[in-house]
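Just so it is clear, none of the values below were taken in a lab; they were calculated from the coordinates. None of the values given here were measured: they were computed from a predicted structure. Cβ coordinates were reconstructed from backbone atoms using ideal geometry, including for glycine residues, and neighbour counts include every protein chain displayed.
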Amino acid sequence: MVKLPFKYEEFKSIYSRVPRLCIDLAITSPGGILLAKRNLSSWKGQWYMPGGTVYYKETLEQAAKRVAKDELNVEIEVDRELGHIEYLSEEKERGFGWSISIVLQCHIIEGLPQTTEQGSDPRFFNLLPTPVIEEQKGFLIRNKELFKLSA
């Protein structure tokens, strides 16, 4: 089980007032972009790029490595920053607040992606499956050449 930095009530109190800073992992390989099927209540059953909150005193790279281990059980190396995604639909999905996520292009250096409590069926895609979280889908389509995606 993933250890969270605070309880849900604290999370809601904080992120009802300010956006949450997150990272998203654009893990690439010759097989395309890695996506998993979301198991958590928000966006349940949709394909997504693994990601999560950047914790206090944690660098983006440290957050990326922690998320890769927690959500996929793999070790990654960060290659570069690709941009950001604003999850404005998150407020409707969850009932409060939204996240701003820095997208980091990465590659796996150790391990094979595994199903965890957060996501299942992780695999690489050259053609986007459906459904994909809307904001991520837009980002991936706008940057399809980076991910070897067919539109």
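Our estimate of slack between Ser89 and Ser120, defined as 0.36 nm per intervening residue step minus the Cα-Cα distance, is 8.9 nm. Residues Asp24, Asp79, Asp70, arranged from fewest to most other Cβ atoms within 10 angstrom of their Cβ, appear as Asp79, Asp70, Asp24.
For Ala26, the residues 5 or more places off, or on other chains, whose built amide H falls under 5 Å of its own are Leu104, Gln105, Cys106. Each of Leu40, Leu35 was scored by other Cβ atoms within 10 Å of its Cβ. Arranged with the fewest first, they read Leu40, Leu35. Computed about the Cα centre, the dipole magnitude for the range 18-142 is approximately 240 debye when only Lys and Arg (+1) and Asp and Glu (-1) carry charge, each at its Cβ. For the chain, set up a GNM with springs between Cα atoms under 10 Å and report which of Leu25, Leu88, Leu34 has the largest fluctuation. Evaluated over the chain, the most mobile residue of the options is Leu88. Within a straight-line Cα-Cα reach of under 22 Å, Lys144 can be paired with the following lysines, leaving aside sequence neighbours fewer than 8 residues apart in one chain: Lys37. Ordered by the number of other Cβ atoms lying within 10 Å of each residue's own Cβ, fewest first, Ile133, Ile109, Ile85 fall into the sequence Ile109, Ile85, Ile133. Treating the angle as unsigned and between 0 and 90°, give the value, to the nearest 10°, between the Cα long axis of helix 60-72 and the longest Cα principal axis of the chain. In the chain, helix 60-72 runs at an angle near 80 degrees to the longest axis. Secondary-structure-derived ellipticity at 222 nm for the chain, considering helices only, amounts to -6500 deg cm²/dmol, per-run term -39500 (n - 2.57) for DSSP H runs with n ≥ 4.
Summarising the amide proton neighbourhood of Trp43: residues at separation of 5 or more, or on other chains, whose placed amide H is nearer than 5 Å comprise an empty set. Here the chain is treated as a Stokes sphere of Kirkwood radius computed over C-alpha pairs; at 4 °C and 1.567 mPa s its diffusion coefficient rounds to 84 µm²/s.
Ordering Ser120, Ile76, Cys106 by the projection of their Cα atoms onto the charge dipole of the range 68-125, which places +1 on the Cβ of Lys and Arg and -1 on the Cβ of Asp and Glu, puts Ser120 at the extreme positive end.
Between Leu4 and Ser150, the C-beta separation translates, for a Förster distance of 35 Å, into a calculated FRET efficiency of about 0.40.
Taking a point 7 Å from the Cα of Asp79 along the Cα-to-Cβ direction, the residues of the range 130-144 with backbone N closer than 16 Å to it are 140-141, 143-144.
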